[in-house]
Amino acid sequence: MMISQFFVLSQRGDNIVFRDYRGEVQKGSAETFFRKVKFWKEDAEGDAPPVFNVDGVNYFHVKAAGLLFVATTRVNVSPSLVLGLLQRIARVIKDYLGVLNEDSFRKNFVLVYELLDEMIDFGYVQTTSTELLKSYVFNEPIMIDAARLPPMGPASIFMQGTKRMPGTAITKSVFANESGGKKREEIFVDVIEKISVTFNSSGFILTSEIDGTIQMKSYLTGNPEIRLALNEDLSIGTSDYRGSGAVILDDCNFHESVHLDSFDVDRTLSLVPPDGEFPVMNYRMTQPFKPPFRINALIEETGPLKAEVTIKIRAEFNSSINANTVLVQMPLPTSTARVNFELEPGAVGHTTDFKETNKRLEWGIKKVVGGSEHTLRAKLTLSHEFHGNIMKEAGPLSMTFTIPMYNASRLQVKYLQIAKKSKAHNPYRWVRYVTQANSYVARL
Amino acid sequence: MAPPQSQRSPSPSQPSGKSEVSDLKLQLRQLAGSRAPGTDDLKRDLFKKVISNMTIGIDVSSLFGEMVMCSATSDIVLKKMCYLYVGNYAKGNPELALLTINFLQRDCKDMDPMIRGLALRSLCTLRVENLVEYLVGPLGSGLKDNNSYVRMVAVIGVLKLYHISASTCIDADFPATLKHLMLNDPDTQVVANCLSALQEIWTLESGSSEEAAREREAVHSKPVIYYLLNRIKEFSEWSQCVVLELVAKYVPSDNSEIFDIMNLLEDRLQHANGAVVLATTKVFLHLTLSMADVHQQVYERIKAPLLTQVSSGSPEQSYAILSHLHLLVMRAPYIFSSDYKHFYCQYNEPSYVKKLKLEMLTAVANESNTYEIVTELCEYAANVDIPIARESIRAVGKIALQQYDVNAIVDRLLQFLEMEKDYVTAEALVLVKDLLRKYPQWSQDCIAVVGNISSKNVQEPKAKAALIWMLGEYSQDMNDAPYVLESLVENWDEEHSAEVRLHLLTAVMKCFFKRPPETQKALGAALAAGLADFHQDVHDRALFYYRLLQYKVSVAESVVNPPKQAVSVFADTQNSEVKDRIFDEFNSLSVVYQKPSYMFTDKEHRGILEFSDELGNLSISVESGDSVVPAQRVEENDKDLLLSTTEKDEVRDPGSNGSAYNAPSYDAAISQPLADLALPSTGLTGQAPASSLAIDDLLGLGFPVGTAATPSPPPLNLNPKAVLDPGTFQQKWRQLPISLSEEYSLSPQGIVSLTAPNALLRHMQSHSIQCIASGRQSPNFKFFFFAQKADEASVYLVECIINTSSGKSQINIKADDQSSSQAFSTLFQSALSKFGLP
């Protein structure tokens, strides 16, 4: 279990950071790697797999924030370990830099090297704990202006549309102080759920799944113990049935800092949160749930060289909740030449587009209020006569959205208790929910 | 740190070019002696500029002296930058590196443990061999330091020293110190580092030192394993993986021990880190291998955690886990048969995840879920993502070939043919062809649809070949088959694919025997075109058909249109030995690549996971010929012999036919009759003529061929069917003294042919010398052979090391009957010298 080199490449293939730990792999490895990844795509083979071997060198890579984090080795190591490690390195660096991008890397390369030297020695992992690393790292991060940044990463979803959240908190370094010089005491607990639903042509749910994670980021001083209570009727696995109407998770796993001593009894997790962002718990649920959107999509031939697409979406959640950045996409028949869109009268914040190159319809809605319904009609002009079934030529429709303050699984954080060291002040506690579409698909 | 290659666009704040470097030099010099307040801040700025230049690839090594002068500071940020600088340039400037030794050694004795650790680490990364004498002292005290950070650094430092100068490391007795620390240090990261360092050192040493080999094995002993297991939760998640990997190799003495270990580790399956979960899974699977019931329960237990890892992690992590699920499902297909929906593709997944999921769906399909899986796959076939659409159709085909009830699938495949998308039609044609070979009863339905496809709309070679095969095979049922074939023959010159032309020849032949008057003209044209073809295989096949027809038409018909049996099982591309080996290497790259590690790593990098030089563990163990033959013959017969050029190529080791026949593909249609011819001749004479040897190689069948065919046979006769099990070999090898040791040269052709080592094994086998084990460490090949006297039980054992760069081979012979070892050596040498010669 050891790696030979670690490097970070920009999307253009520029070397941003390069560390050779063992000198076993030739210097040109970054170029070899980048060429391979690039040609993989150009040869229409799809995305390069995260692990491949060129001339006896194994290349591992993960994508994070538009950058490629790469490790090389000649040894037969555990792929899941190296890929996990790369992901972790990216997260630790983000913890320190506040934001992860090319610019912040270039401004802080000395700090990044400092971190890399402490995380890995001669190819062997030493520590990846943001907390432990603090005592070994002496350079202070140079912050870049976070306000100008495009949003990225799961945490940034809170920055859109919700006024509740201080946007900067998410991009704050573990080193950073508030402007007054006093560190702001706060802790974030985010329940992030990614939902996947596939509807068949008659609107019946074929498959559905929720992949959830409870993510924590603590800026509390003195490492107090935290107790996190979940729904008491939470069941894990079908053998652990806790009454009807209960939330039944298929399975879950926990961060190593979590103590489960009373979890079986009252569903509370206790932990001393380390610094930096980390998942407290990951869970998976295939129990049927109410999907936030119902979709009806239809394509009909309306004459020679003409067809019409009708898409109707209905938001099936409470009217106090809004979905943001909704985007509906649908591949149209390859013979589509022109599209005329008809929105319902009075529609605000809607955008429609026909992407000529890949024959795709795109319908964007800035905000969808719970309980509302929206319809789009698109009249297609086809370039040549059609023989087969037009239904087979279009679709499936896919949808992406973000719904803050909503979670499909009904898993809840009942309370968040901080073992207080002083009574002087009460730290800020943010418990936030968000649901995102992972793969939300309706077939025609 | 290597300077990055790209030098473009240094940001404006960063200096570039020579004048800046000399400017920096001047400023550093001014600051070097200064004791004024604020000096450190100025130095920091300067150092940053230096490092920044270094990162973007500007050579700042000329500042070495000044940097070292400025390093007399207590500021830790400055020190770290200085260490970074020194580590980067020391290797290229050994005499300058000597300058740094002084202050690094001083820092190794600093009050601050952080500085001691950092200095020690920098000292060990200088990688300059003539400085190793300065390392031993600081490392020795570092290992005894009362601060765990320093010890942690020192342990890895020992490993670095080992790589610079192994003898210095061993002479200082550092491995023993590490072993002591591993078993006694209170800090788990120190323990983990000791474990990693020792495993690396002992593995590298074990080639030359028996003691190191023993030590390496001793790590798997009960006290060590228990000691580590009892503290496992104190280790970092990454170190837990190291420990778990070790535990997976441990052999418990009884079942209760197995259950104890599994109980202790069960909560590791709930760990958020996928690497820990996989490492734990490996322990569970390997510990229970001999307990069938429990092993099944383990599959049930690991299912949910692994599925959670697939969906909760990044796509990269899903990929790694899915690869492992695929391996598991091949061993136990039923485990996921009710969880198949987890492997449905999501539209936004990267294609490498989708491809694996399609493989999973193919593997989990059984009677109960096939209908739903195929329905889902058909949705993907219309997908905008064309590579995935193709894979999906292939998956449907694979499922059809492994199922008994295929009615529904056939209907859907035929629908694909009508979809009017080129790539869908192409993939579907190939599938229908394979399907017909297995289920001839569907021919009526399929032919009706296939007959409607115009050959002009099919361009892809594989699809075209499939269509032509069907035209030939079912020409009696397809009205215009002779005419379609005729028009294809007319366009012979425009057909670029040799595969298609080969199929066309065969199809026209088949059609001719079924509908002679209509096909005669096309056959004549095809044979003429084939004989004139520039492609060797096409030419040969045309000639073969021509001569066959000349010889006797009825014989030709029985060759081309023999009564055929449906194919029951298509040959698997991987043999079970390879699969088992991959399973042994669970939680490693072998699983992702679907190859055992010896196929993609050099020996020295195979690491601690596997492969030792001991005989029993050597990589390729070749069974003696006669036990292999029946299996292979069955496989040959099982395939449709008239159609298997491509599949055959995939199954076959591309180089295994040695130098006797180097054409890229060969036609099984030829091989069948020739094999029949060759067999009686060996049986009759017992002394194979040279020509049938060549055929033997050409067929790649590897059946044993009589005795050695040397022109002037030496008095020694060997038993062509000698058998020796590896255990006996190993035992004898230990007991017997070397009776003869010689060096020969190998012919250059022989060296070239060694790119396919199996060819040598077969070659030697034809001389009644059997290989029992072989291995490779570039540029050397190492083989162990044995042979047995024809008339008595006396055996010869040979160790043969071939250096491919010098062309020399070193032979050590051990023999029961030492008086005859010279005779055997002559025989061995004559056999070896013929290797690679035509």
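Remarks
- Breaking point among (1) closer than 26 Å to B:K421 by Cα; (2) outside any strand (DSSP E or B), for A:M330: (2)
- Residue satisfying all of: in the stretch A:369-396; facing chain B (nearest Cβ under 10 Å) and touching a Leu at 6+ places or on another chain (Cβ under 7 Å); nearest to A:L332 (Cα to Cα) among these: A:A394
- A single member of B:A176, B:A154 is touching a Cys at 6+ places or on another chain (Cβ under 9 Å) and either within 11 Å of chain A (Cβ to nearest Cβ) or part of a helix (DSSP H, G or I) (or both), and it is B:A154.
- Only one of A:D14, A:D43, A:D55, A:D20 that is at positive phi and not basic (K, R): A:D55
- Inside the stretch B:804-818, residues that are polar (S, T, N, Q) and within 17 Å of B:K732 (Cα to Cα) make up a count of 2.
- Residue within the stretch A:287-303 that is touching a strand residue (DSSP E or B) at 6+ places or on another chain (Cβ under 8 Å), in contact (Cβ under 8 Å) with a residue 12 or more places away in the chain, within 14 Å of chain B (Cβ to nearest Cβ) and among the acidic types (D, E) present: no
- When A:D250, A:D233, A:D264 are screened for being surrounded by fewer than 20 Cβ atoms within 10 Å (Cβ to Cβ), within 14 Å of chain B (Cβ to nearest Cβ), charged (D, E, K, R) and at negative phi, only A:D264 passes.
- For the stretch B:425-436, the criterion of being within 14 Å of chain A (Cβ to nearest Cβ), over 33 Å from the mean Cα position of the chain (by Cα) and crowded, with 17+ Cβ neighbours inside 10 Å is met by at least one residue.
- Flag for B:S165 being at pLDDT below 95 and within 24 Å of B:I225 (Cα to Cα): no
- In the stretch B:481-518, the residues that are of a type in the set (K, R) and either more than 11 Å from B:L471 (Cα to Cα) or without any contact (Cβ under 8 Å) to a residue 24 or more places away in the chain (or both): B:R501, B:K514, B:R515
- Verdict on B:Q822 being within 30 Å of the chain's Cα centre (by Cα), in a helix (DSSP H, G or I) and either among the basic types (K, R) or over 30 Å from A:D55 (Cα atoms) (or both): no
- Contact annotation: residue pairs with Cβ atoms under 6 Å, 6 or more positions apart or on different chains, pairing a residue in the stretch B:554-565 that is charged (D, E, K, R) with a partner that is surrounded by 11 or more Cβ atoms within 10 Å (Cβ to Cβ), are B:E557/B:F513.
- Within the stretch A:280-300, the set of residues being within 21 Å of the chain's Cα centre (by Cα) and surrounded by 21 or more Cβ atoms within 10 Å (Cβ to Cβ) comprises A:V280, A:M281, A:N282, A:Y283, A:R284, A:M285, A:P292, A:F293.
So that you can scan it fast, the table gives a plain yes or no per residue for (1) out of contact with any Ser or Thr (no Cβ under 6 Å at 6 or more places or on another chain); (2) farther than 20 Å from A:Y415 by Cβ:
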| site | (1), (2) |
| --- | --- |
| A:R184 | yes, yes |
| A:S196 | no, yes |
| A:F204 | yes, yes |
| A:D211 | no, yes |
| A:A246 | no, no |
| A:C252 | yes, no |
| A:H259 | no, no |
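- Residues that are without any contact (Cβ under 8 Å) to a residue 12 or more places away in the chain and either within 30 Å of B:D185 (Cα to Cα) or within 14 Å of chain A (Cβ to nearest Cβ) (or both) do occur in the stretch B:316-328.
- Any hit, the stretch B:410-422, residues being among the aliphatic types (A, V, I, L, M) and facing another protein chain (nearest Cβ under 10 Å): yes
- Checked against the criteria, A:E209 does not count as touching an Asp or Glu at 6+ places or on another chain (Cβ under 9 Å) and away from chain B (no Cβ under 13 Å).
- Residue satisfying condition, being loosely packed, with under 15 Cβ neighbours inside 10 Å, basic (K, R) and touching a residue at least 24 places away in the same chain (Cβ under 8 Å), within set A:R338, A:R314, A:R360: A:R338
- Scanning the stretch A:84-92 turns up no residue that is buried (at least 20 other Cβ atoms within 10 Å of the Cβ), at pLDDT 90 or above, assigned to a strand (DSSP E or B) and facing chain B (nearest Cβ under 10 Å).
- Of the helices (runs of 4 or more DSSP H) lying entirely inside the stretch B:234-288, the ones with 1 or more residues being within 11 Å of chain A (Cβ to nearest Cβ) and without any contact (Cβ under 8 Å) to a residue 60 or more places away in the chain are found at B:237-247, B:274-287.
The values are calculated or read from the model by the stated rules, or taken from the named source; none is laboratory data. The shown structure was predicted, so the numbers you read here are calculated from the model rather than taken from an experiment. Because the Cβ atoms are built from the backbone with ideal geometry, glycine has one as well, and the counts that use them run over all protein chains shown.
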